Amino acid sequence: MFSAKTVYLQKFESMTKYIYQNEKWTDFTWHDKQISVLLAQVRNLQGRLLGKMNALGFGFQAEATLETITLDILKSSEIEGEKLNRAQVRSSIARRLGIEAAGLVSSARNIDGIVEMMLDATQRYEVTLTEERMFGWHAALFPTGYSGGYKIDVACYRKGEMQVVSGAMGKEKVHYEAVVTKQIKPEMDKFLKWLNSKNDKMDSVIKVAIAHLWFVTIHPFDDGNGRIARTISDMLLARSDESKQRFYSMSAQILKERKKYYEVLEKTQHSINSDITVWLEWFLNCLKNALLASEKILQSVLSKADFWNRNAKTTFNDRQIKMLNKLLDGDFRGKLQSSKWAKICKCSQDTAIRDIKDLIEKGILQQEQQGGRSTNYELAQTPDT
């Protein structure tokens, strides 16, 4: 036997497929007891990390920020299946932040646009997020007006309906149907008003989680919704930290947990009410893991700085500095050989061999023990030595 309440709920569920179809869907609720411990842990980790970094000099902070924002941009794009050139991303950020870094290269137009969006969000985190500013981000993401081989509406809300699907043609599975076109503008107006308002009763980290969910639920653009959602998250995390310096990457952690991210997002968007406890739990756990992972970034920056401090009185030419930074940053792929040195530094093979021999004599490089058809080299002074 079905009760009247059961029949009503079944009817309600058939009518209400997605969370935004609920009346007053943005009156989000959650169970404080289920997230309070996690939130406290996140806040503690944030404070400890910022305390560590503030105790270091400006140069270390700038280097850590450069590495973190580089990682954030690379991983945010990778979530969408796009792999960017790390050296170009890092160089574009360094130039715009005025950071002196060895081995800078020219960067592509699309990379400069992504960097400009991220830096506008994190370096101007206190500035009101307006529709015009967000349209500027979207234009920076798609400078040619195309996404892949498809022309899209740029710097404006989408003009067509949107579905998130997967599967082969003819066997597609619809995961989500976004807010209908005519409702985008009023929904985004409400979102931006809430985002820019000051709510002393809501923890600022909880606000980051809600903003991310709210934005991707509306899905206001033809493309780039995920990247802009993560950019908004970075902006609000900078507000939460009250710092332009970035020492942890939420996007890098989301990439690691991508499958769970989409599962929780889909489950929440199919909710018949506005309880988002499951989403908040996942988001806080992801942020906690991002903060814990930042220890590796910090250690890498400190180890690299220690290497250069130990060799402060050693003379290097520009080619050597460029190649050593590549090795220390983990940017060098494969084995270091004189032919690769010559190609990267755009010098002759003889010059490359002289550079390498000089570094061996100074105790910086050494020949790898494993034999082979080619002679390979490695750092004799590891960053942790």
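Taking the stated definitions as given, is residue 100 at pLDDT below 90, among the charged types (D, E, K, R) and under 30 Å from residue 188 (Cβ atoms)? Criteria not met by residue 100.
Residues are listed down the side, and each one gets a yes or a no for (1) surrounded by 19 or more Cβ atoms within 10 Å (Cβ to Cβ); (2) touching a residue at least 24 places away in the same chain (Cβ under 8 Å); (3) assigned to a loop (DSSP other than H, G, I, E, B):
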site: 115; (1), (2), (3): yes, yes, no
site: 158; (1), (2), (3): no, yes, yes
site: 184; (1), (2), (3): yes, yes, no
site: 193; (1), (2), (3): no, no, no
site: 202; (1), (2), (3): no, no, yes
site: 208; (1), (2), (3): yes, yes, no
site: 211; (1), (2), (3): yes, yes, no
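Of the listed requirements (1) over 26 Å from residue 61 (Cβ atoms); (2) without any contact (Cβ under 8 Å) to a residue 40 or more places away in the chain; (3) among the aliphatic types (A, V, I, L, M); (4) surrounded by 16 or more Cβ atoms within 10 Å (Cβ to Cβ), residue 134 misses just one: (2).
If you go through the stretch 30-73 and pick out every residue that is of a type outside the set (A, V, I, L, M, F, W, C) and within 13 Å of residue 281 (Cα to Cα), you end up with 6. Comparison of 222, 234 shows that the only residue that is assigned to a helix (DSSP H, G or I) and out of contact with any strand residue (DSSP E or B) (no Cβ under 6 Å at 6 or more places or on another chain) is 234. Residue 106 fulfils the conditions (1) assigned to a helix (DSSP H, G or I); (2) more than 23 Å from residue 252 (Cα to Cα); (3) small (Gly, Ala, Ser) except for a single criterion, (1). All conditions in (1) loosely packed, with under 15 Cβ neighbours inside 10 Å; (2) out of contact with any Lys or Arg (no Cβ under 8 Å at 6 or more places or on another chain); (3) free of Cβ contacts under 8 Å to residues at least 60 places away in the same chain hold for residue 145, with the sole exception of (2).
Exactly one residue among 357, 267, 296 is modelled with pLDDT under 90, at negative phi, part of a helix (DSSP H, G or I) and not small (Gly, Ala, Ser), and that residue is 296. Only residues that are closer than 12 Å to residue 224 by Cβ and acidic (Asp, Glu) were counted across the stretch 124-173, and they come to 1. Select from the stretch 218-261 the residues that are buried (at least 22 other Cβ atoms within 10 Å of the Cβ) and among the hydroxyl-bearing types (Ser, Thr, Tyr) and write down the one among them that is nearest to the chain's Cα centre (by Cα). By that ranking, first place goes to 251. Here residue 77 meets each of (1) surrounded by fewer than 19 Cβ atoms within 10 Å (Cβ to Cβ); (2) of a type in the set (S, T, N, Q); (3) within 21 Å of residue 254 (Cα to Cα) with one exception, condition (1).
Look through 71, 84 and report the one residue that is outside any helix (DSSP H, G or I) and either touching a residue at least 24 places away in the same chain (Cβ under 8 Å) or among the basic types (Lys, Arg) (or both).
None of the others qualify; the one that does is 84.
Residue count for the stretch 168-182 under the criterion of being touching a His at 6+ places or on another chain (Cβ under 7 Å) and either in a helix (DSSP H, G or I) or not β-branched (Val, Ile, Thr) (or both): the result is 1.
Can you pull out the residues in the stretch 301-347 that are polar (S, T, N, Q), part of a loop (DSSP other than H, G, I, E, B) and in contact (Cβ under 8 Å) with a residue 12 or more places away in the chain? Scanning the stretch 301-347 gives 311, 314, 317, 337.
The values are calculated or read from the model by the stated rules, or taken from the named source; none is laboratory data. Bear in mind the structure is a predicted one, so any value in this text is a computation, not a measurement. For neighbour counting, all protein chains shown are included, and Cβ atoms are generated from backbone atoms with ideal geometry for every residue, glycine included.
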